[in-house]
Structures are given as C-alpha cells and as structure tokens.
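Worksheet: one structure, shown below.
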Amino acid sequence: MSKRFRNAIAAQGGACNALALSNALTDAIREVRAENASERDCAACKLIAHQLSFLLNVATLELEPNAYTAAMTRCEEYVAGAAAFERGAMIPDRDTASESFRDGFMTAACRRFQ
C-alpha cells in the first residue's frame, strides 16, 4: 500500500501536528507526481489537506467577515517591515506601529531600535 494512503487514513484519525501533516502532504504530492498523476485528483492528498485545513482553522477565512483581508494585511505588514529591517531602515516603535505589525518577529526587531 502506498505511504500516502496510510498517511491520509492516519490524518483523518485526528492528527494534530500541523508540521507532520504538511510533510505528509508534501510527500503525497511528490508520490503522485512521480506516478505522472495530479494531486487535484488524489483522494489521499485531499484528506491530508482537509485535516491540515481543520487544524489551521482555514474555514474562518471563508466564514468570518474580513478574516481573509485581516490575514492578508498582517502578512503584508510583516513582509514590508521585514524588508525595511533588512535594509536597515528605522522600524516604528511599539507605540506607533500597528498591533499586527508589532506581533511576533517584528516586536523583537522594534526593540532593537529603541
């Protein structure tokens, strides 16, 4: 039996490790492509992706108003801030930066310039 099908069954059994699921999905896609098939048509790929989507609460992007826009804005702010940091630009301090900009890595970056 193919590894991807075993992984798909295990995923649907309640897998809760997003990194392991993403690795399993990557492996499954590689396996499918090695067979000259499409991952879009692979039941195992779909089941692994389904469990990963559940863990990451992807449904909120479709169901909650503004959730997609908020996620995109946060990523865009992070990328812009990281690029500025790499160029050595001054990063706004915690009082002037937006809340999403301050989260995570950028909080540490801001502290370096204070």
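So which GluC sites (Glu not before Pro) in the range 15-66 end up in coil per DSSP with only 11 or fewer other C-beta atoms within 10 Å?
Those satisfying the criteria are GLU35.
Let me check I've understood the local charge: for GLU39, count other residues with C-beta under 11 angstrom from its C-beta, Lys and Arg +1, Asp and Glu -1. What total comes out?
Cβ neighbours under 11 Å give a net charge of +2.
What is the sum of charges, Lys and Arg at +1 and Asp and Glu at -1, for the other residues whose Cβ falls under 13 Å from the Cβ of PHE5?
+1
Based on the Cβ-Cβ distance of LEU63 and ALA18, what FRET efficiency does E = 1/(1 + (r/R0)^6) give at R0 = 25 Å, to the nearest 0.05?
0.80
No lab work stands behind these numbers, since they all come straight from the coordinates. On a predicted model such as this, the values are computed, not experimentally measured, just so you know. Neighbour counts run over all protein chains shown; Cβ positions are idealised from the backbone, glycine included.
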